[in-house]
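What follows is calculated from the coordinates using simple rules that are stated; it is not laboratory data. Computed from a predicted structure; not experimentally measured. Neighbour counts run over all protein chains shown; Cβ positions are idealised from the backbone, glycine included.
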4 protein chains.
Amino acid sequence: MSTGRLESFSDGVIAVAITLLVLDLVVPPLRHGHTLAGDLGHEWPDFVAYGVSFVTVGIIWMNHHVMISRLRVADHFVHFVNLLLLMSIVLLPFTTALMARYLQARHGESLAAGVYGGSLLLMGTLFSLLHHHILARRPELMSVEMTPAQRRRILVRSASGVTPYLLATALAPVSPYLTLAITGAVAAFYALPAATAGS
Amino acid sequence: MSTGRLESFSDGVIAVAITLLVLDLVVPPLRHGHTLAGDLGHEWPDFVAYGVSFVTVGIIWMNHHVMISRLRVADHFVHFVNLLLLMSIVLLPFTTALMARYLQARHGESLAAGVYGGSLLLMGTLFSLLHHHILARRPELMSVEMTPAQRRRILVRSASGVTPYLLATALAPVSPYLTLAITGAVAAFYALPAATAGS
Amino acid sequence: MSTGRLESFSDGVIAVAITLLVLDLVVPPLRHGHTLAGDLGHEWPDFVAYGVSFVTVGIIWMNHHVMISRLRVADHFVHFVNLLLLMSIVLLPFTTALMARYLQARHGESLAAGVYGGSLLLMGTLFSLLHHHILARRPELMSVEMTPAQRRRILVRSASGVTPYLLATALAPVSPYLTLAITGAVAAFYALPAATAGS
Amino acid sequence: MSTGRLESFSDGVIAVAITLLVLDLVVPPLRHGHTLAGDLGHEWPDFVAYGVSFVTVGIIWMNHHVMISRLRVADHFVHFVNLLLLMSIVLLPFTTALMARYLQARHGESLAAGVYGGSLLLMGTLFSLLHHHILARRPELMSVEMTPAQRRRILVRSASGVTPYLLATALAPVSPYLTLAITGAVAAFYALPAATAGS
């Protein structure tokens, strides 16, 4: 199967998933004795988590696009792992809402942050696995020629991109704010001009 | 009408439907005397059903793509049955949630599982009907030449793909867990390398 | 502006709108003294309305595709009226749910059915208006040559397609079931082989 | 990275966001002592806000399309600011519902309208920033030749498009109806034939 439709289907799924994040933002109900400013202020984790997840999915999309554009044909492994990767991306509106809703709670906050970090870790791992399959195991699937040094550099970069999500998940029991801070820092890092060059 | 837009419209609908599955996953409300771990654990049918339906729709998409790519032009029958097929796929976020929500209930669990199995059966039947129309009744619609033996092989394969969904629906009154197990096994089967070759 | 992106944007919006119809189907809550069969049976207007609206949007998509494929370039009027047409299509998940939810109610049922019929009437009218603009007022926008007789035939057909929706809206005060029956009959009519030829 | 996928991903996100606006329209629950006409009448801000936001997003889409079609290649800045622009567009189903729900409330109405105006202001500012980057700072990214006078004219137009949203936000504390009126006037203005020429 050619990679054109694989890419456009993946793009479609990612575009819907990134947009469904807005459903996590809830209009506060009109209640006596509450101010809208107070209610929206109380929802700040939802807004921050929306921003972090939105930028994160945007980065995944860009990297996914670069990865697929190097492919000439896709084998069964690429199709299946790509489907699992999409499944992990589509989970984000749920895991984002879970972390945001429990961030300030007195119980469950570590688990919620761990699930959020874990879903990003799963996504990064599946992405890295795809990269490894294409670059290290089946380079004949590629449409471009690459030296072993170039491929190694991409693989190291891809694998090291998983590290912050491993940290964000592992540190969730210490504090869910750490999880949010680390994943937010990764998103902010990609705003820097040099960050995505050649990724 | 050329098949390009038929395919891109179908791809769009399937991409949205597969992503809406995440709306079945609900963030447990903060409640006194409940733990998040307990609440998420209690929701396990939702997570399993999400995975099964996600992979199933992914497989349908791949097979749909292969089927349409063999078409040169689409007649009225193809358009209409394809629309019904999309309608059955779009039902899945509802039937998936229905089965998951009632799986552990003391009543309605057989009906809910039967509706889920039935929606997959409907999808498989419409898919098979399209295959039959194109390969057996109107081969002149195709863009590729096929021997009668090749066509027969695809038709048998396509028709036999309906069998597990027939079983999953028929066995729902025995136990809804059987329905979930059979549909899950079909999804897992397609993860095997040889499973989609030439389907 | 070329018509390629106009069409792909319209396709995207229509694909999302047709899929959001599934959100009108609600999993009945687990309640003591209720059976799932009874609850789903009580929801039958939702299922019927889902089917009618799904097929109706599918027909609109096909006709929209045929209309745009005849265009070489789009002027400002085409862009703006097409945007209003999309707005009327995107309303359908709301108006469909409104009619279905009030169909069996003792009050508001006529208004709800009138709103549903009215939204389809609006859609048909905007579609007809676009057709009239392209075929009668600005034939130089077209990519194909047509005789006046051909254009007249398409215009008459397009305008007459509005009639059943006018009836469905006008008869809503008599009975909302009439609205559902007429709109359902239009959808069923398009299932006939000869119905969409040359529309 | 070529601009084709950037545009199709942006189109996908905008198509989903514009369609999710319909989720702001809620079917009134069946309640004793309430009429559907009264309940829907009470919801008029939701319908007006739906129309204003729908047309506004439609205009953004058209302008976005014109902007991207002038690009030959996209640099890191274009990718990142485009992602933030999409994030502001995807916020609209939330900020639209917020303004509509609080328009007739006795408290919070100014803040809600300010947030709505502010989200449109953010969108306009990011759009203007992208225009400035492409036309003034990196004209070598463009696929078309433009005289300095042409570029200046587009920049002035793009920057002045932000002014009404600045007003709509600044006047929210005076009255939320002013915010709605100004943003509605902008949408209505673009319905005029001459409005989008060469934008």
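Taking B:V156 in one copy and the same position in all the others, each labelled 7 Å out along Cα→Cβ, what are the pairwise distances from the first, in nm, shortest first?
Nearest to farthest, the other copies are at 5.4, 5.4, 7.6 nm.
Just from its helices, what would the mean residue ellipticity at 222 nm be for chain D, if runs of 4 or more DSSP H residues each count -39500 (n - 2.57) and the sum is divided by every residue, rounded to the nearest 500 deg cm²/dmol?
The per-residue figure over chain D is -22500 deg cm²/dmol.
For the range A:83-147 and the range C:1-56, what is the centre-to-centre distance using only Cα atoms, to the nearest Å?
30
Let me check I've understood the local charge: for C:T96, count other residues with C-beta under 10 angstrom from its C-beta, Lys and Arg +1, Asp and Glu -1. What total comes out?
-1
Lys and Arg at +1, Asp and Glu at -1: add these up for the other residues within a Cβ distance under 13 Å of D:R151 and post the number.
Neighbour charge sum, excluding D:R151 itself: +4.
With θ set to phi - 60°, apply the Karplus curve 6.51 cos²θ - 1.76 cosθ + 1.60 along the range B:136-143 and write out the HN-Hα couplings as whole Hz, x wherever there is a Gly or Pro.
With the stated coefficients, the range B:136-143 comes to 9, 9, 10, x, 5, 6, 7, 9 Hz.
Using only the alpha carbons of the range D:1-122, what is the convex hull's orientation-averaged projected area in square nanometres?
For the Cα atoms of the range D:1-122, the hull's average projected area reads 8.4 nm².
Sort D:159-172, A:85-98, D:99-112 by the packing proxy (mean of other Cβ within 10 Å over each peptide's residues), most packed first.
Packing order, densest peptide first, comes out as A:85-98, D:99-112, D:159-172.
Report the label-to-label distance for B:S143 and B:A159 in nanometres (one decimal), using points 7 Å from each Cα along the Cα→Cβ vector.
That separation, rounded to one decimal, is 2.8 nm.
With axes computed from alpha carbons, what is the tilt in degrees of helix A:92-102 against the longest principal axis of chain A, rounded to the nearest 10 within 0 to 90?
Roughly 30 degrees, rounded to the nearest 10.
Highest mean first, what order results for C:147-157, A:46-56 on Cβ atoms within 10 Å?
Packing order, densest peptide first, comes out as A:46-56, C:147-157.
Taking the Cα centre as origin and putting +1 on Lys and Arg beta-carbons and -1 on Asp and Glu beta-carbons, what dipole magnitude results for chain D, to the nearest 20 debye?
For this selection, approximately 540 debye.
Sketch the reach of a paramagnetic label on C:L23 as a point 7 Å from Cα along Cα-to-Cβ, and name the residues of the range D:111-126 whose backbone nitrogen lies under 19 Å away.
The answer is none.
Pop out the ³J(HN,Hα) list for the range B:32-45 in order, Karplus 6.51 cos²θ - 1.76 cosθ + 1.60 with θ = phi - 60°, rounded to Hz; leave Gly and Pro as x.
So the J values, rounded to whole Hz, are 5, x, 10, 9, 4, 4, x, 5, 5, x, 5, 8, 3, x.
Going by how many other beta carbons lie within 10 Å of each one, how would you line up C:V144, C:V22, C:V66, fewest first?
Working: C:V144 10, C:V22 23, C:V66 14.
Fewest-to-most Cβ neighbours within 10 Å comes out as C:V144, C:V66, C:V22.
Need one value for B:87-99: mean number of C-beta atoms belonging to other chains within 10 Å of its residues' C-beta atoms.
For peptide B:87-99, the averaged partner shielding equals 4.
Mind checking the angle between helix D:148-160 and chain D's longest principal axis? C-alpha axes, 0 to 90 degrees, to the nearest 10.
20
Hey, what angle do you get for helix B:3-20 against the long axis of chain B, alpha-carbon based, 0 to 90 degrees rounded to 10?
Its long axis makes an angle of about 10 degrees.
Assuming a ≥ b ≥ c are the square roots of the Cα gyration tensor eigenvalues, decide whether the protein assembly as shown counts as rounded (a/c under 1.5), prolate (otherwise, with a/b larger than b/c) or oblate. Don't jump to the answer; show the numbers that get you there.
Numbers: a/c = 1.08, a/b = 1.00, b/c = 1.08.
Because its axes are fairly even, with a/c under 1.5, the protein assembly as shown counts as rounded.
May I ask you to evaluate 6.51 cos²θ - 1.76 cosθ + 1.60, the Karplus curve with θ = phi - 60°, for each residue of the range A:172-182 and list the ³J(HN,Hα) values in order in whole Hz, giving x for glycine and proline?
4, x, 5, 6, x, 5, 5, 4, 4, 5, 5
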